[in-house]
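Enquirer: The structure follows.
The values are calculated or read from the model by the stated rules, or taken from the named source; none is laboratory data. On a predicted model such as this, the values are computed, not experimentally measured, just so you know. Positions of Cβ are generated from backbone atoms using ideal geometry, with glycine treated the same way; all protein chains shown enter the neighbour counts.
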């Protein structure tokens, strides 16, 4: 099979467009996570920017170390959820981007 530069350029352009579409989709994604039975709540967008952090004031007064752990846990869980969403989106894109696939 000979290398086809035109086909390769076409494939690269398609990959670029799909990447831009993915970026737009992910910027609209918002995930939520809680920790400590709801004592800490976070919202994060698909670009892993923390949008909101709420916590019960009592936990800050009584156990600031626990608050730090709960915040960390909630943020890490939200980040994991973004990763899952990204993997799901990438799965759909990847199936349409197999380079030079099925050329017989």
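Enquirer: Looking at region 11-29, is at least one residue in contact with a strand residue (DSSP E or B) (Cβ under 7 Å, 6 or more places away or on another chain), under 21 Å from residue 80 (Cα atoms) and touching a residue at least 24 places away in the same chain (Cβ under 8 Å)?
Expert: Taking region 11-29 and keeping what is in contact with a strand residue (DSSP E or B) (Cβ under 7 Å, 6 or more places away or on another chain), we get 27, 29.
From what is left, the residues that are under 21 Å from residue 80 (Cα atoms) are 27, 29.
Retained after the next criterion (residues that are touching a residue at least 24 places away in the same chain (Cβ under 8 Å)): 29.
Within region 11-29 (the criterion being in contact with a strand residue (DSSP E or B) (Cβ under 7 Å, 6 or more places away or on another chain), under 21 Å from residue 80 (Cα atoms) and touching a residue at least 24 places away in the same chain (Cβ under 8 Å)), the answer is yes, since at least one residue qualifies.
Enquirer: Before we move on, is residue 82 buried (at least 17 other Cβ atoms within 10 Å of the Cβ), part of a strand (DSSP E or B) and at pLDDT 95 or above? Spell out the reasoning first.
Expert: Values: buried (at least 17 other Cβ atoms within 10 Å of the Cβ): yes; part of a strand (DSSP E or B): no; at pLDDT 95 or above: yes.
For residue 82, the condition - buried (at least 17 other Cβ atoms within 10 Å of the Cβ), part of a strand (DSSP E or B) and at pLDDT 95 or above - is not met.
Enquirer: If you take the residues of region 2-36 that are over 18 Å from the mean Cα position of the chain (by Cα) and modelled with pLDDT of 95 or more, which of them is nearest to residue 75 (Cα to Cα)?
Expert: Initially, region 2-36 is screened for residues over 18 Å from the mean Cα position of the chain (by Cα), giving 2-17, 35-36.
When the remaining residues are screened for being modelled with pLDDT of 95 or more, the result is 35-36.
On the way: 35: 9, 36: 12 Å.
Residue satisfying both the conditions and the ranking: 35.
Enquirer: So, one more: Scan region 45-68 residue by residue and report those that are touching a strand residue (DSSP E or B) at 6+ places or on another chain (Cβ under 8 Å), farther than 16 Å from residue 89 by Cβ and touching a residue at least 12 places away in the same chain (Cβ under 8 Å). Explain how you work it out, then say what you get.
Expert: Step one: filter region 45-68 for residues touching a strand residue (DSSP E or B) at 6+ places or on another chain (Cβ under 8 Å), giving 45-46, 50-56, 59, 67.
Filter once more, so that each one left must be farther than 16 Å from residue 89 by Cβ: 50-56, 59, 67.
Of everything in region 45-68, those that are touching a strand residue (DSSP E or B) at 6+ places or on another chain (Cβ under 8 Å), farther than 16 Å from residue 89 by Cβ and touching a residue at least 12 places away in the same chain (Cβ under 8 Å) turn out to be 50, 51, 53, 54, 55, 56, 59, 67.
Enquirer: Is it the case that residue 73 is touching a residue at least 24 places away in the same chain (Cβ under 8 Å), in a helix (DSSP H, G or I), under 18 Å from the mean Cα position of the chain (by Cα) and over 25 Å from residue 92 (Cα atoms)? Walk me through how you get there before you give the answer.
Expert: Numbers: touching a residue at least 24 places away in the same chain (Cβ under 8 Å): yes; in a helix (DSSP H, G or I): yes; under 18 Å from the mean Cα position of the chain (by Cα): yes; over 25 Å from residue 92 (Cα atoms): yes.
It is true that residue 73 is touching a residue at least 24 places away in the same chain (Cβ under 8 Å), in a helix (DSSP H, G or I), under 18 Å from the mean Cα position of the chain (by Cα) and over 25 Å from residue 92 (Cα atoms).
Enquirer: For the subset of region 37-50 comprising residues that are assigned to a strand (DSSP E or B) and under 14 Å from the mean Cα position of the chain (by Cα), which member is surrounded by the fewest Cβ atoms within 10 Å (Cβ to Cβ)? It would help to see each step written out before you state the result.
Expert: Taking region 37-50 as the starting set, the residues that turn out to be assigned to a strand (DSSP E or B) are 40-45, 50.
Right, trim to under 14 Å from the mean Cα position of the chain (by Cα) and you get 43-45, 50.
Working: 43: 16, 44: 23, 45: 16, 50: 14.
Looking at residues that are assigned to a strand (DSSP E or B) and under 14 Å from the mean Cα position of the chain (by Cα), I get 50.
Enquirer: Then there is this: So, in region 60-79, exactly how many residues are touching a helix residue (DSSP H, G or I) at 6+ places or on another chain (Cβ under 8 Å) and at pLDDT 95 or above? Break it down stepwise before answering.
Expert: Restricting attention to region 60-79, the residues satisfying the condition of being touching a helix residue (DSSP H, G or I) at 6+ places or on another chain (Cβ under 8 Å) are 60, 66-67, 70.
Going one step further and asking which of them are at pLDDT 95 or above, we end up with 66-67, 70.
The number of residues fulfilling the criteria is 3.
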